[in-house]
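Below is one structure; the comments refer to it alone.
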Number of protein chains: 4
Amino acid sequence: MDLNADLGEGFGIWRLGDDEALLDLVTSANVACGFHAGDAMTMRRVCEIAASRGVTVGAQVAYRDLAGFGRRRIDYDISELRDEIIYQIAALDGFCRLYGEHVRYVKPHGALYHAAATDVWQASAVVAAISDYDRTLPVLCQPGSTLDSAATGEGVRTVFEGYADRGYLADGTLVPRGQPGAVLSNVDAVVARAFRLATAAEIEAHDGTIVSCAVESLCLHGDTPGAVELARRVRTALESAGVPLMSFVERPDPDPEG
Amino acid sequence: MDLNADLGEGFGIWRLGDDEALLDLVTSANVACGFHAGDAMTMRRVCEIAASRGVTVGAQVAYRDLAGFGRRRIDYDISELRDEIIYQIAALDGFCRLYGEHVRYVKPHGALYHAAATDVWQASAVVAAISDYDRTLPVLCQPGSTLDSAATGEGVRTVFEGYADRGYLADGTLVPRGQPGAVLSNVDAVVARAFRLATAAEIEAHDGTIVSCAVESLCLHGDTPGAVELARRVRTALESAGVPLMSFVERPDPDPEG
Amino acid sequence: MDLNADLGEGFGIWRLGDDEALLDLVTSANVACGFHAGDAMTMRRVCEIAASRGVTVGAQVAYRDLAGFGRRRIDYDISELRDEIIYQIAALDGFCRLYGEHVRYVKPHGALYHAAATDVWQASAVVAAISDYDRTLPVLCQPGSTLDSAATGEGVRTVFEGYADRGYLADGTLVPRGQPGAVLSNVDAVVARAFRLATAAEIEAHDGTIVSCAVESLCLHGDTPGAVELARRVRTALESAGVPLMSFVERPDPDPEG
Amino acid sequence: MDLNADLGEGFGIWRLGDDEALLDLVTSANVACGFHAGDAMTMRRVCEIAASRGVTVGAQVAYRDLAGFGRRRIDYDISELRDEIIYQIAALDGFCRLYGEHVRYVKPHGALYHAAATDVWQASAVVAAISDYDRTLPVLCQPGSTLDSAATGEGVRTVFEGYADRGYLADGTLVPRGQPGAVLSNVDAVVARAFRLATAAEIEAHDGTIVSCAVESLCLHGDTPGAVELARRVRTALESAGVPLMSFVERPDPDPEG
């Protein structure tokens, strides 16, 4: 099982989340690329630490919207969205390269994640960016999403992720934010759900239904109070149960010249 | 002799200069990377045309200052400047890669160009960015500048450029903008100066002194009225005289997989 | 009849349209406020010229989106949209104040204009901004739009505008851009339509239907080739026919201390 | 004695300092206006709370530099700097107006504060902005600074501020940041210095010299660990000693229509 979290989401003087602590807990780092958050020094630092700790780096690509943290949908021209995603992946790749590494996957952020889950045009922009830049990069998404089918149709690998701290509906989609049960705060319950996702590939939906949910990665949130402690609890529980924690991408031996 | 010009300096809806026309005249394109100008779609388009016409692409790196077009000095933290330059080079490299190409050189833009010519800290930031990202990339600069010595000291190749349409002082530096004789507008005179620079490695200074000026590239301005016509005149004059026009970097045969 | 046009839509080094020329032709200037276009020096200059020529200034409020020129819909939080509109009106008001004037009306720009025409939430954000800042400011909109009813419901005056160079459907709405007949380029036809709108309050729709269209203002486009000449032709035609051209807001005598 | 602090210095999702807590302690709020920090919703909220608690609002004007938090010097064109300052004051004034208030003073932020303290051009830009917008607004600055003399020369009132938690040199200027003794962290010592500044108009310099330092305001820092507690200690000490705490501007009775 892979553990992923959003990292490097500060900007300039402002910080968000505890990058250092999370880089000890995750196996995959979704690094912000400067469009919704992230700046060059932060990107470099996260890439450096990730490389030194064997954490895989992915490009957390987003709308160009620092003021909105990439969380509000923008009706982009599709070619422009595609090219802005390429720009972000490439910029992050430059910092990975300093430490003998590469961007290993792509995860859309915020409103782009949600738009690409249902909108065929925005999903196709994400897939086109990957196809153009490096079609071997997998994309992290939700099973059954439009992005899933768009990527698969183009021969781009999809990696499914689950959320132990989010409520699910019986159809396997998430309880929308703002509705009761959307976010779970009971630590023990979240840890138990993570364990069930990792070992049994299923999760209990809001109405008690047991939903099949085969995922290769668990998304840990980093910017909420108690986030690091929760991530630590999840990791410890999985490790204790003997669940192997590792990135969903095979990484070659580190470049000796890196 | 190489002919270079700044390209891709629009942003969003706004345009500056005639990229298409200049890409028929130059051998090297200094492509804006989004910090002082330039956006993802423009970067991609310029890289595509450049690749198709055999024009070499360099990263025109700049301060993060769209409102000031990178033309006003900013007292950057040096590490931040270095990392922002890496970010820009890498982003542009991503678009070159789509067309089987790479960024082949670096040219600082505007106030960074001027700061790096005299300020050892800013010069070192440019050189450190190149050293970190790809130390085989040459940097385009003025002979005798601080950037020249900083790069040479770190083993980074410098390529000198001259300006046929700018006035020179007897010491080989440019007449500062705003002073009489800083900019020459007589087309015939500019063409004659370009020819002399290219064939005799010298230029007549403001006071009549003949200054030795061995350069590998001539910088053509693209954003002034008549710029394209002037560039065409210069190119034609050099071609007519049998001066070979080519990039200052050797480019391998195009990547067949590009 | 009032003639309005978008002005001050450059940013930094980049220009769009011919502000100087249009300020001789319009009676109302929709001045960009820095969010989709416009910068402080441009805003000041346009306000100065407008004041000197007796042109009324309105705030052309927009999404925060320089890269997209405010032309792509953003799903804003409504409170944030309201407050960003207040910010823009107030900033422009500051420059009007330097010349003894005030912002006299509000016109949403681009995607906000279109969203507010159909989306009750975005329309309500525009109206709330006006209500909060100065409820005597009229809003320029299309007859029958959601913004029209939202403003009227809150006691904010609406001023309707027509487009002589856009095709209309039989229901009085515009032919969507991208469809045949959306934009008319025949100068004589546009001038004739402007005249009919101004004198008979009607316009011929795409299908030949005569549509009743009572408007207080005609919108002249400023950023297309031939825009200034077309605007001049429209103005001359209306003046020749004795149509009084004046702002739709009564302006008091200039502040003697301004 | 007035107590001032920088407020509203978050941006979008990012927060900095505890605005709510500080608004209970200060008599003057230097509100960020969106150029180095601050967004429309935050500006509005701070203005609302300030109005309700009787805290005076000033415009904390800055360079356009979110990425650098306005802390790095930019060699602005002076007219542009002037107009950008006007833009910021006016935007904030718009939010004050919603609560029956006005911007009551101006304080330059960060690198602009430092530049205006020594550079006659940047100081003159600040003063010109105030003269143009509202010449009755005082400017908060350091005694003996270039901004002090530039403002005085134009008839703009200057208000001097002192720093209880910063080291002073014997000439009354601050120990530069980065040097030993630049920042004092001993709470008791800082409180004692605040008391001495407020009651005896003097401060002990780094070398033991007693420096005369007549100030109308004390600047409290809000973004360091323990900042709120330190501010509370200072306020309590002054109150206990019977030092009247009040803004340096006379505020009329609240506008009954506000």
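Please verify whether C:Asp93 is within 14 Å of C:Ile130 (Cα to Cα) and either of a type in the set (D, E, K, R) or away from chain D (no Cβ under 14 Å) (or both), treating the condition exactly as stated.
So C:Asp93 passes the test.
Does at least one position in region A:212-230 carry a residue that is of a type in the set (Val, Ile, Thr), outside any strand (DSSP E or B), surrounded by 15 or more Cβ atoms within 10 Å (Cβ to Cβ) and at pLDDT below 95?
Within region A:212-230 (the criterion being of a type in the set (Val, Ile, Thr), outside any strand (DSSP E or B), surrounded by 15 or more Cβ atoms within 10 Å (Cβ to Cβ) and at pLDDT below 95), the answer is yes, since at least one residue qualifies.
Consider A:Ala21 against the criteria (1) buried (at least 22 other Cβ atoms within 10 Å of the Cβ); (2) more than 14 Å from chain D (Cβ to nearest Cβ): it satisfies all of them except one. Which criterion is unmet?
Going through the list (1) buried (at least 22 other Cβ atoms within 10 Å of the Cβ); (2) more than 14 Å from chain D (Cβ to nearest Cβ), A:Ala21 breaks only (1).
Can you report the number of residues in region D:187-196 which are open to solvent by less than 70 Å² (accessible area, probe 1.4 Å) and either over 19 Å from the mean Cα position of the chain (by Cα) or touching a residue at least 40 places away in the same chain (Cβ under 8 Å) (or both)?
Total satisfying the criteria: 6.
Name the residues in region A:165-182 that are of a type outside the set (D, E, K, R) and in contact with a strand residue (DSSP E or B) (Cβ under 6 Å, 6 or more places away or on another chain), would you?
A:Tyr168, A:Gly172, A:Leu174 - these are the residues of region A:165-182 that are of a type outside the set (D, E, K, R) and in contact with a strand residue (DSSP E or B) (Cβ under 6 Å, 6 or more places away or on another chain).
Only residues that are of a type in the set (D, E, K, R) and open to solvent by 40 Å² or more (accessible area, probe 1.4 Å): list them for region A:45-68, please.
Within region A:45-68, A:Arg45, A:Glu48, A:Arg53, A:Arg64 meet the criteria.
Restricting attention to region C:24-42, which residues are touching a Leu at 6+ places or on another chain (Cβ under 6 Å) and buried (at least 24 other Cβ atoms within 10 Å of the Cβ)?
Selection gives C:Val26, C:Ala29, C:Val31, C:Cys33.
For region C:30-81, enumerate the residues that are farther than 25 Å from B:Gly12 by Cα and either within 10 Å of chain D (Cβ to nearest Cβ) or outside any helix (DSSP H, G or I) (or both).
Within region C:30-81, C:Gly54, C:Val55, C:Thr56, C:Val57, C:Ser79 qualify.
Looking at region B:69-87, which of its residues are touching a Phe, Trp or Tyr at 6+ places or on another chain (Cβ under 7 Å), farther than 19 Å from A:Tyr87 by Cβ and either open to solvent by less than 10 Å² (accessible area, probe 1.4 Å) or basic (Lys, Arg) (or both)?
B:Arg72, B:Ile74
Looking only at region B:5-18, which residues are more than 9 Å from every other protein chain (Cβ to nearest Cβ), of a type outside the set (Asp, Glu) and over 11 Å from B:Gln60 (Cα atoms)?
Correct list: B:Gly17 only.
How about region C:147-157: which of its residues are in contact with a Ser or Thr (Cβ under 6 Å, 6 or more places away or on another chain) and either within 17 Å of C:Cys213 (Cα to Cα) or touching a residue at least 40 places away in the same chain (Cβ under 8 Å) (or both)?
The one that is in contact with a Ser or Thr (Cβ under 6 Å, 6 or more places away or on another chain) and either within 17 Å of C:Cys213 (Cα to Cα) or touching a residue at least 40 places away in the same chain (Cβ under 8 Å) (or both): C:Asp148.
Do we find that C:Val103 is among the aliphatic types (A, V, I, L, M) and more than 29 Å from C:Ala40 (Cα to Cα) in this structure?
Considered against the rule, which asks whether it is among the aliphatic types (A, V, I, L, M) and more than 29 Å from C:Ala40 (Cα to Cα), C:Val103 comes out as no.
Kindly indicate whether any position in region D:51-68 is touching a helix residue (DSSP H, G or I) at 6+ places or on another chain (Cβ under 9 Å), free of Cβ contacts under 8 Å to residues at least 12 places away in the same chain and not hydrophobic (A, V, I, L, M, F, W, C).
No, there is no match, as no residue in region D:51-68 is touching a helix residue (DSSP H, G or I) at 6+ places or on another chain (Cβ under 9 Å), free of Cβ contacts under 8 Å to residues at least 12 places away in the same chain and not hydrophobic (A, V, I, L, M, F, W, C).
D:Ile85: of a type outside the set (Ser, Thr, Tyr), touching a strand residue (DSSP E or B) at 6+ places or on another chain (Cβ under 6 Å), within 13 Å of chain C (Cβ to nearest Cβ) and more than 23 Å from D:Met246 (Cα to Cα), yes or no?
Yes: the conditions hold for D:Ile85.
Tell me which of these D:Thr199 doesn't satisfy, since it passes every other one: (1) farther than 25 Å from D:Arg232 by Cα; (2) open to solvent by 50 Å² or more (accessible area, probe 1.4 Å); (3) in contact (Cβ under 8 Å) with a residue 40 or more places away in the chain.
Among (1) farther than 25 Å from D:Arg232 by Cα; (2) open to solvent by 50 Å² or more (accessible area, probe 1.4 Å); (3) in contact (Cβ under 8 Å) with a residue 40 or more places away in the chain, the lone unmet condition for D:Thr199 is (1).
Can you tell me which of D:Arg104, D:Arg135, D:Arg166 is surrounded by fewer than 24 Cβ atoms within 10 Å (Cβ to Cβ) and modelled with pLDDT under 95?
D:Arg166
Residue under question is A:Ala116, and the condition is that it be out of contact with any Cys (no Cβ under 8 Å at 6 or more places or on another chain), of a type outside the set (Ser, Thr, Tyr) and either within 14 Å of chain B (Cβ to nearest Cβ) or part of a helix (DSSP H, G or I) (or both); does it hold?
In short, no.
Take the residues in region D:104-113 that are farther than 14 Å from D:Ala151 by Cα and in a helix (DSSP H, G or I), then tell me which one is nearest to the other protein chains (Cβ to nearest Cβ).
The residue in question is D:Ala111.
Of the residues that make up region B:88-101, is at least one outside any loop (DSSP other than H, G, I, E, B), out of contact with any Gly (no Cβ under 8 Å at 6 or more places or on another chain) and open to solvent by 10 Å² or more (accessible area, probe 1.4 Å)?
No, region B:88-101 contains no residue that is outside any loop (DSSP other than H, G, I, E, B), out of contact with any Gly (no Cβ under 8 Å at 6 or more places or on another chain) and open to solvent by 10 Å² or more (accessible area, probe 1.4 Å).
The values are calculated or read from the model by the stated rules, or taken from the named source; none is laboratory data. Just so it is clear, the structure is predicted and the values come from calculations on it, not from any experiment. Virtual Cβ from ideal backbone geometry, glycine too; neighbours counted across all protein chains shown. The protein model used for the area step is the full one, side chains on, heavy atoms only, and it has no ligands, DNA or RNA in it. Shrake-Rupley method; radii C 1.70, N 1.55, O 1.52, S 1.80 Å.
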